[in-house]
Amino acid sequence: MIKLEYNGFHANFNPVGAYLEDLQKDGTSIIRKSSDKNSTHGGAAVLFPFGNRIQNAEYYFNNKQYSLPENDGKNSIHGLVRELAFDSNSGDKFIEFSSHFKSMFYPGEAYIKIKYEITGNLFVTSFYVKSLTSIIPVEIGFHPYFNVHGSYSISYNSRMKKFNYKDVYFPDGSTVDVDYNGKELNKIPLDNCFYLDSTVILKDEKHSIRMVRKNMPYLVLYNGQYAGNDSIAVEPMTGIPDVYHNHVGLVTLEKNAEFVCSYSIEVI
């Protein structure tokens, strides 16, 4: 367990998965712990090199077929680094996890770095990736569960597009405009992906949290079984579910190419 404490923030991390286990601000729980030790049922898991489900746990890239671990029925979900032991480096205001990533399920090797940093009243999470050997497919996601009290809503200032799903789990790439601005989300069952290139404010009966994303224009909202009645997962993503097949938001990096994305949260 590694701790980071500064300016009223208190965060606990596990180097396995570069995982943020929980986050408090001035004694108030902002990101809650997992109740069953599954890293995608609480805290804020790091998702790489894909963020959500990949259908049938297989994909083609650069004219070659790859198989993935089946960990969601016949599908693969939430990337390949949640069980990876990262190296760590820390200072008064930050902690950084890094790894040379390679896998039998993946076409190339990459240097990856996840940095958590407190800047004033902002808690910033960033992801850096550099391709080391060949062209690679990249999707990055984070899976934070935010504590909420009573009714809660989100607000934003741009068009929100909801992806249509061809079945329960897999979008077909098409979208429909939706308006969730100010609506009570606790009354709406959510496990959906959206395009929303805007600051998002999550508001409940006690406080509000402002989330700003960079190079992560997609968002998954989830308030199902694992969220219970007291949290919602607001998940920044660089792409959408099944990205290796539909390619919506897929980042491809040539050898030596780099990509950085981040999200920040602020209690307001």
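Numbers at a glance
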{"quantity": "Under 14 Å from the Cα of Lys37 - aspartates and glutamates, other chains or at least 8 residues apart", "calculated": "Glu21, Asp22, Glu83"}
{"quantity": "Expected 222 nm ellipticity per residue - DSSP helices of 4 or more, -39500 (n - 2.57), all of the chain, to 500", "calculated": "0 deg cm²/dmol"}
{"quantity": "Square roots of 5 times each gyration tensor eigenvalue, C-alpha, segment 155-199, largest first, Å", "calculated": "19, 14, 7"}
{"quantity": "Given charges at beta-carbon only (K, R positive; D, E negative), |dipole| of segment 2-267 in Debye", "calculated": "220"}
{"quantity": "Candidates per trypsin sites (Lys or Arg not before Pro) in segment 156-245, loop by DSSP, up to 16 other Cβ within 10 Å", "calculated": "Arg159, Lys166, Lys183, Lys206"}
{"quantity": "Average silhouette area of segment 2-267, convex hull of alpha-carbon atoms, in square nanometres", "calculated": "13.2"}
{"quantity": "Convex hull volume of segment 1-147 per residue (C-alpha atoms, cubic angstrom)", "calculated": "105"}
{"quantity": "Separation of the Asn229 and Lys206 label points, Cα + 7 Å toward Cβ, nm", "calculated": "1.6"}
{"quantity": "The chain - percent relative contact order, Cα under 8 Å, separation 6 or more", "calculated": "19"}
{"quantity": "With at most 12 neighbouring Cβ atoms within 10 Å, loop GluC sites (Glu not before Pro) (DSSP) excluded, longest segment of the chain", "calculated": "84-183"}
{"quantity": "Amide H contacts of Ile135 (H built 1.01 Å from N, under 5 Å, at least 5 apart or other chain)", "calculated": "Lys255"}
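None of the figures in this text is laboratory data; all of them are computed from the coordinates on show. Given the structure is predicted, the values throughout are model-derived calculations rather than measurements. Here the Cβ is made from the backbone with ideal geometry for all residues, glycine too, and neighbour counts use every protein chain on show.
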